[in-house]
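Please treat every number below as a calculation from the coordinates, not as lab data. A quick note: this is a predicted structure, and the numbers were derived from the prediction, not measured. Quick reminder, even Gly has a Cβ in these numbers, built from the backbone with ideal geometry, and neighbours come from all protein chains shown.
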Amino acid sequence: MANVVLEDIYKSFPARNKQQKKVESSPTVESEQGSATDATSVLRRINLTVADSEFMVLVGPSGCGKSTLLRLIAGLEDVTAGNIWVGDRKINTLPPKDRDIAMVFQSYALYPHMTVYNNLAFGLRRTRFKRAKNVDRKVREVADSLQIDALLDRKPKQLSGGQKQRVALGRAMARDPQVFLMDEPLSNLDAKLRAQTRAQIVKLQRQLATTTIYVTHDQTEAMTMGDRIAVMDGGVIQQIAPPLELYRSPANRFVAGFIGSPPMNFLPVQVSGPLTLHHPQFQLTIPEAWGKALQAYLDQTITLGIRPEHLNIAPASQGIPLQVELVEALGAETYLSCVLEGNAQGADVPIFQARIPPDQSAQAGDTLFLVPKLEHIHLFDPQSGRALAR
C-alpha cells in the first residue's frame with residue numbers, strides 16, 4: 001500500500017469562448033483567485049497528505065471541487081499546477097492504467113452486457129492475475145467477501161442498487177490497488193441500504209488496509225466513515241481533522257455550519273464587557289476562558305454559534321426567547337424550528353433550531369426560553385469567519 005501526497009494542487013478549466021484557450025503557465029495570485037477572462041479556477045492550493053492505510057473523506061457542498069480533486073488523482077483530469085505522489089512515485093503525467101489506483105464511481109459504471117463474474121474479472125485479465133486460474137480464484141475470493149457469490153451469473157440489469165454497488169466495490173478490490181478512490185458511491189441507495197453499505201465499506205477497508213479517499217456531500221457519511229475529514233468549500237480545503245475535532249473545534253464558521261445535524265445556529269452579538277455578550281433579546285455571561293479572545297472585540301459585534309443539541313429549556317424570561325414555528329417529533333428526540341421572539345416572520349428571518357428530549361412538550365406557536373450550555377458555545381470573527389480560540 002502507499003500514502004498519497006498532494007502538493008500545491010491547482011486546477012483551472014479553460015474559459016468557454018471561441019478559442020477555448022488553455023492556461024498552461026504556473027499559477028499566479030490572479031490565477032489563484034480565478035480569472036474571469038482566461039479560465040475558471042476550480043481548485044486552489046490544495047495540500048493534503050493521506051497516510052498509508054488511512055480512510056480519508058473529502059466532504060463539502062456540491063460544486064466545491066471534491067470530485068474534481070478525485071479525478072486528478074485518478075488521472076481522468078490533468079493538473080494545472082502542483083504534484084501528486086503515490087508512495088515514492090510522482091504520478092502527474094502517468095496514464096490512469098499505470099497509477100495502480102482503483103475508482104468506484106457514483107454510477108457504478110458496470111458493463112451491462114457482462115455477467116457479474118466477468119465484470120469482476122475484466123480488470124484482472126490485464127494485470128498480474130492474467131492466468132485463468134488466478135483470475136478465477138481472485139474473483140471468487142472477492143465475491144465471497146462481499147456476499148455476492150450467488151450473483152456471479154447475473155447481469156447488472158438483474159441486480160438491485162445495493163448489489164450493483166457491491167459489484168462495483170468488488171471490481172475495485174479485485175485488483176489489489178495501492179489506493180481506492182470512491183466518488184459518492186452510496187448516493188443512489190435508499191437510507192437503510194446506505195447505512196448498511198456504509199458499515200460494510202468501512203469494515204472492508206479496515207480488513208484490506210488499503211489507502212482510501214472517499215468523496216461525499218453527506219456529512220453523516222463523513223463523520224461515521226473517515227479516520228480524518230477534509231472539509232472543502234470554493235475549491236479550498238477549510239479544515240482537515242478527525243471527525244470529533246471538526247465537531248468540537250471547527251476552524252471557521254463554514255465548517256461549524258456544515259458539520260453537525262441540524263446545523264449550528266448563528267447570532268450576531270455585541271461584546272459589551274470582558275465576558276458579556278449582548279443581543280437585543282438576551283444577554284449572556286460566558287466562561288472566563290473566553291476573556292483573552294474577546295479583548296480585541298470590546299464594543300464590537302461578533303458571531304455567536306450554538307448547536308441545537310446544546311440548548312436547555314429554561315423558566316420564563318431566562319435565556320433566549322424563541323417562538324416555535326415547527327415541531328418534528330422523531331421518537332428519541334424532538335427538533336424545533338423557531339424564530340427569535342419579536343422578529344417579524346418572513347422568508348428572510350433566520351430559523352433557530354433546537355433539539356430537545358422527547359418528554360419535553362412544545363407546540364407550534366409556543367414561546368420558549370432556551371439557555372445554551374456555555375461550555376459548548378462557539379465565537380467567530382464577523383469578517384473572516386475565523387473561530388476565536390478560548
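Given the peptides 40-51, 361-372, arrange them by the average over their residues of other C-beta atoms within 10 Å, most packed first.
40-51, 361-372
Among 152-160, 210-218, what's the highest-first ranking by average C-beta atoms within 10 angstrom per residue?
Per-residue mean Cβ counts within 10 Å order the peptides as 210-218, 152-160.
Under a 5 Å amide H to amide H cut-off, with H placed in plane at 1.01 Å, what residues pair with Asp233 once short-range neighbours are removed?
When sequence neighbours closer than 5 places are left aside, the close amide H contacts are Gln238.
Compute the label zone of Ala289 within region 356-374: residues whose backbone N is under 13 Å from the point 7 Å along Cα-to-Cβ.
373-374
Note the per residue figure in Å³ for the convex hull of the C-alpha positions in region 183-273.
Taking only Cα atoms, region 183-273 has a hull volume of 125 Å³ per residue.
From the Cα trace of the chain, what convex hull volume per residue do you get, rounded to a whole Å³?
It is 191 Å³ per residue.
Which residue, Asp136, Asp233, Asp98, tops the fluctuation ranking in a GNM of the chain built on C-alpha contacts under 10 Å?
Asp98
Full extension from Thr49 to Asn92: what is 0.36 nm times the residue separation minus their Cα-Cα distance, to one decimal in nm?
Using 0.36 nm per residue and subtracting the Cα-Cα distance, I get 13.9 nm.
Relative to the present Cα-Cα distance, how much length would full extension add between His113 and Glu7 at 0.36 nm per residue of separation? Mind dumping the intermediate values first?
Values: separation 106, 0.36 × 106 = 38.16 nm, distance 4.05 nm.
Length gained, His113 through Glu7: 34.1 nm.
So if I take the alpha carbon set of region 265-380, get Rg, then get Rh from the Kirkwood formula, what is the Rg over Rh ratio?
0.98
I'd like to compare 290-296, 309-315, 219-225: which one has the highest average count of other Cβ atoms within 10 Å, and what's the full order after that?
219-225, 309-315, 290-296
Quick one: what do you get for region 40-255 if you divide its Cα Rg by 2.2 N^0.38 Å?
With N residues counted in region 40-255, Rg over 2.2 N^0.38 Å equals 1.03.
Can you tell me the length gained on complete extension of the stretch Ala150 to Glu328, counting 0.36 nm per residue apart and subtracting the Cα distance?
So the chain would gain 59.8 nm between Ala150 and Glu328.
Label-point separation (nm) for Leu374 and Ser249, each offset 7 Å from Cα along Cα-to-Cβ?
Calculated label separation equals 2.2 nm.
I want the local charge near Leu294. Using Cβ-Cβ distances under 12 Å, sum +1 for each Lys or Arg and -1 for each Asp or Glu among the other residues. Can you show the working numbers first?
On the way: positive: Lys292, Arg390; negative: Glu288, Asp299, Asp381.
Around Leu294, the charge tally is -1.
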